[in-house]
Amino acid sequence: MASPGPPERYFFGPFELQPDKRRLLRDGAAISLRPRAFDLLVALVDRAGHLVAKDELLARVWPKTVVEEAALHVQVSGLRKVVGSDAIATVSGRGYQFTLSVTTSDDQADRASPPKHNLPFQLTSFVGREREIAQLEGWVTANRLVTLTGAGGAGKTRLAIEVTSRLVGAFADGVWLVELAALADPRLVPQAVAQALQIKEQPGRPVIETLVDYLASKRLMLVLDNAEHLLEGCVQFVDLVLRRSPEVAILVTSRERLGIAGELTHRVPSLTVPGPDDNLQPDALLGYEGVRLLVDRARLLRPHFSVTAENAASLASICYRLDGIPLAIELAAPRLRSMSALELSQRLHQRFALLTGGSRTALPRQRTLRSMIDWSYDLLTHVEQAMLRRVSVFAGGWTLEAAEHVCSDEEIESSNAIDLLASLADKNLVSLEENDGTTRYRILETIRQYALDRLRETDEEGRWRSRHFAWVLALAEESLEPLGGPDQAPWLDRIAQELDNFRAALTWAIEQRRPDAFRMALGISRWWVKRAHVAEARELFSRLLDAIPSDEAPLDRCRALSAVGNLALRQNDLDEAERLFRESLALTRALGHTRGSAYGQANLALLTVTRGQYAAAEPLLEECVGLARALGIPYLLAVILSNLAIVVHARGDRSRAAALFEESVTLARGADDSFLISQMLSYKGRADCSDGNLESAEATFLESLTIARKLSDPLATVWALERFAELAVARRTPKRAATIWGAAARMRAEIGISIAFNEQEERERAVAAMRTALGDAAFDQAWREGSAMEREEAARYALNGAPGGV
């Protein structure tokens, strides 16, 4: 179907706009407008009463040309002088709206005709989705069957009405809304359509036949709203009409597609909302549709409500935690009448009790958040309901393999998981995404919380939480070996994808006092710092240590104590690290666990190095070297030798240090542990740099950073980058040093690791020297430039100054 052309004439106030003749009249007299101004006026008047986004205006008035927004402001200012300052409203940060009442030549010709639609007039403004509306207008006029799917409360009905209200002129016989929500019998779909079209039934003749005869010669659009509970009846009706009525188009809203040949399906997404790491400045927040909707509806109750620096973070949190679901946001807004944004945000864990009291004119299921999801849940089969409840134990998504392991039993066989997930996806209760050939399933947090509530009602939460915990624990243990090998990057990425699942499993294990959760500690201590913040892992495992009686799972407890001690060491909490290390060592000795004791002694020796107590550290390290050699632990031996090398180098024995560094690198290569190799090279190169062997140091740093880059490992990257900064200091290139330091400082902040205590004084001296050489302003600017770099960009910057770098 072709899109309709613009009307021949527009009338507003004393003006008449003639697009076909490119002429504007005022009281019959022509007014001169420049071409751009004329095109802009047509674009605004054509969408009178609606927001027209800046991007859309720029594309329409300056097609295929890149111009600044200032050009648009100039044209708008000029038009206001012609048609009146109140005729064009500015919607801050978004676009413009023509506010005068506009009629067309078509309107005037048709005033005596009956209305060509039954679309309801909306009492609240439509917020957002500007590009989506433009896209849908094209799809709806070019395709005979379009279905808008999406989760309950996603705004399918409101979007359908907004789109079709703009297309009334495109269909000679109008646009007709058929509301199906209150209908219970699929066989009554034809009667509902006949009622909307005001077609009377003929005695002794099926309604469907009367309808088909009527529609055969019509050019109109039907909007079948809320079809999900009447799919069978809608499919039969739509199929028959499309086959026998060539000029009829149908737009359907449903939580599940019809599944008819030729059906174009569009999943209505949630509104855009700010993420936890996004810019929360008031002006930036208003760029998100969810925030604009919340503010718009709040102003209906508090006219002076606005986004401020004080409430911005809370408003962002509300919209994010409600998943950008329009209905949920609409239900939240009235609460701002009696509580602050902060108070509302803090109470969203009780969202189903809190978000009630919708419009009295709304459908019953749209008056509370819970009843909205009840409607979808009740349409599921018993087995689909069970699957939805079970997948609610996942956090942050899951794979098919995970669902098969966690959710299967005698009721749901693992082989049926894929079909059940596909069915839930068809009904828009879960979503899926594909990345590198692996499909990952996700669920909106609001729906997840609902499903968890349903799971608790069945008294089965403990069973499926336990299954989820067992799957996470198995994944942690499976990762141990590959995370100490040459191909760590894929495993780091895989584990990082499940970070939310690890959090959920650990939190549950703490609540249930599960000592087997200690077995996660070793694996998590290897990767958590590389993909998340150290403080979080330390806090979780500290809570676990406090929750589990000290006499349970003693060997696993030793490992957990050691892991948390190393996390404390990363944060320079040296006294706490020592307490944890000593408790771990005492336990391993009591258990007679020689290997564990060796690690415990090594931890205390490394702590002494970190404190800068090199004289005391040397004999401790020498003893640990003997233990590691005797027990045949290459990883531990490499770490101890490199630290012993640092100590003897600092105490002036450079030749011995060089031999120790060389042996540590050889051992790391022999262990085929990429992270360890990068770390040992970093230590070795640092000694070379301080000795003035800059070419050797640079070659070593180059290999270290190249490995870190391949691993996509932020910890290894930080160490390697800081070595390049030290090289820049040695070569007296202060801007380069400051830039790299800035990049490294950002990465340290992101993962929560501090500069080792024994390195801080030397770093401070180097920074002060480079600041003096460069000057405060230039140094600070270079640091800021570095801190703005992403990890890969920073690595490329460092390598670009190195021979053979990329």
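The values are calculated or read from the model by the stated rules, or taken from the named source; none is laboratory data. This structure is a prediction, so every number in the text was calculated from the model and none was measured. When we count neighbours, we look across all protein chains shown, and the Cβ atoms used for this are built from the backbone with ideal geometry, even at glycine. Ligands, DNA and RNA are stripped out before the accessible areas are found, and what is left, the full protein with its side chains, is counted by its heavy atoms. Shrake-Rupley method; radii C 1.70, N 1.55, O 1.52, S 1.80 Å.
Whether any residue in region 274-287 is acidic (Asp, Glu), open to solvent by 40 Å² or more (accessible area, probe 1.4 Å) and within 17 Å of the chain's Cα centre (by Cα) is what I want to check.
yes
Could you tell me whether ARG526 is at pLDDT 85 or above, part of a helix (DSSP H, G or I), over 22 Å from ARG440 (Cα atoms) and open to solvent by 30 Å² or more (accessible area, probe 1.4 Å)?
no
Report the residue count in region 774-801 for those that are open to solvent by 70 Å² or more (accessible area, probe 1.4 Å) and assigned to a helix (DSSP H, G or I).
Result for region 774-801: 11.
Can you tell which of TYR614, TYR599 is open to solvent by 70 Å² or more (accessible area, probe 1.4 Å) and of a type in the set (Phe, Trp, Tyr)?
Answer to the check: TYR599.
Going by the conditions given, is GLU56 assigned to a strand (DSSP E or B) and at negative phi?
Taking the combined requirement at face value, the residue does not satisfy it.
Taking region 548-560 on its own, how many of its residues are in a loop (DSSP other than H, G, I, E, B) and open to solvent by 10 Å² or more (accessible area, probe 1.4 Å)?
Here the count works out to 5.
For region 64-101, which positions are open to solvent by 60 Å² or more (accessible area, probe 1.4 Å), over 23 Å from SER32 (Cβ atoms) and more than 33 Å from the chain's Cα centre (by Cα)?
Passing the criteria: THR99, SER101.
Could you list, in sequence order, all residues of region 500-523 that are open to solvent by 10 Å² or more (accessible area, probe 1.4 Å) and either acidic (Asp, Glu) or modelled with pLDDT under 85 (or both)?
Within region 500-523, ASP500, GLU511, ASP516, LEU522 meet the criteria.
Among the residues of region 324-346, write down those that are open to solvent by 30 Å² or more (accessible area, probe 1.4 Å) and outside any helix (DSSP H, G or I).
Answer for region 324-346, where residues must be open to solvent by 30 Å² or more (accessible area, probe 1.4 Å) and outside any helix (DSSP H, G or I): SER338, MET339, SER340.
Taking only region 126-135 into account, find how many residues are open to solvent by 30 Å² or more (accessible area, probe 1.4 Å) and more than 12 Å from GLU56 (Cβ to Cβ).
1
Report, ordered by the first and then the second residue, all pairs with beta carbons closer than 7 Å, sequence separation of six or more or different chains, a first member in region 78-100 that is over 15 Å from VAL52 (Cβ atoms) and touching a residue at least 12 places away in the same chain (Cβ under 8 Å), and a second member that is part of a loop (DSSP other than H, G, I, E, B) and open to solvent by 50 Å² or more (accessible area, probe 1.4 Å).
ASP86/THR99
Tell me which residues, restricted to region 72-88, are in a helix (DSSP H, G or I) and touching a Phe, Trp or Tyr at 6+ places or on another chain (Cβ under 7 Å).
Result: VAL76, VAL83.
What are the residues in region 294-313 that are open to solvent by less than 90 Å² (accessible area, probe 1.4 Å) and either in contact with a Cys (Cβ under 8 Å, 6 or more places away or on another chain) or assigned to a helix (DSSP H, G or I) (or both), if any?
Within region 294-313, LEU294, VAL295, ASP296, ARG297, ALA298, ALA312, ALA313 meet the criteria.
Where in region 136-238 are the helices (runs of 4 or more DSSP H), entirely inside, with at least 2 residues that are in contact (Cβ under 8 Å) with a residue 40 or more places away in the chain and buried (at least 17 other Cβ atoms within 10 Å of the Cβ)?
So the answer is 156-165, 189-197.
If you go through region 257-314 one residue at a time, how many are among the basic types (Lys, Arg), under 30 Å from ALA422 (Cβ atoms) and touching a helix residue (DSSP H, G or I) at 6+ places or on another chain (Cβ under 9 Å)?
Total satisfying the criteria: 1.
In region 420-440, how many are more than 19 Å from ARG257 (Cα to Cα) and open to solvent by less than 40 Å² (accessible area, probe 1.4 Å)?
Count: 1.
From LEU620, LEU545, LEU587, LEU569, grab the single residue that is within 40 Å of the chain's Cα centre (by Cα), surrounded by fewer than 23 Cβ atoms within 10 Å (Cβ to Cβ) and assigned to a helix (DSSP H, G or I).
LEU545
Would you list the helices (runs of 4 or more DSSP H) that sit entirely within region 434-499 and hold 3 or more residues that are within 23 Å of ARG519 (Cα to Cα)?
Counting at least 3 such residues, we get 461-479, 488-497.
Give the residues of region 706-729 that are open to solvent by less than 10 Å² (accessible area, probe 1.4 Å) and over 21 Å from ALA496 (Cβ atoms), sorted by residue number.
GLU722, ARG723, PHE724, ALA725, LEU727, ALA728
When both residues are 6+ apart or on different chains and their Cβ atoms are under 6 Å apart, which pairs have a first residue that lies in region 264-282 and is without any contact (Cβ under 8 Å) to a residue 60 or more places away in the chain, and a second that is in a loop (DSSP other than H, G, I, E, B)?
From residues that are without any contact (Cβ under 8 Å) to a residue 60 or more places away in the chain, the pairs are VAL273/TYR288; VAL273/GLY324; PRO274/TYR288; PRO282/VAL307.
How many residues, within region 235-273, are under 24 Å from the mean Cα position of the chain (by Cα) and hydrophobic (A, V, I, L, M, F, W, C)?
3
So ALA395 clears everything in (1) open to solvent by less than 30 Å² (accessible area, probe 1.4 Å); (2) part of a helix (DSSP H, G or I); (3) modelled with pLDDT of 75 or more except one condition, right? Which one?
With respect to (1) open to solvent by less than 30 Å² (accessible area, probe 1.4 Å); (2) part of a helix (DSSP H, G or I); (3) modelled with pLDDT of 75 or more, ALA395 is out only on (2).
Being part of a helix (DSSP H, G or I), out of contact with any strand residue (DSSP E or B) (no Cβ under 7 Å at 6 or more places or on another chain), free of Cβ contacts under 8 Å to residues at least 24 places away in the same chain and among the β-branched types (Val, Ile, Thr) is the requirement here; does THR717 meet it?
no
Go through ALA563, ALA535 for me and flag whichever is in a helix (DSSP H, G or I), out of contact with any Lys or Arg (no Cβ under 6 Å at 6 or more places or on another chain), under 25 Å from GLY600 (Cα atoms) and open to solvent by less than 20 Å² (accessible area, probe 1.4 Å).
The match here is ALA563.
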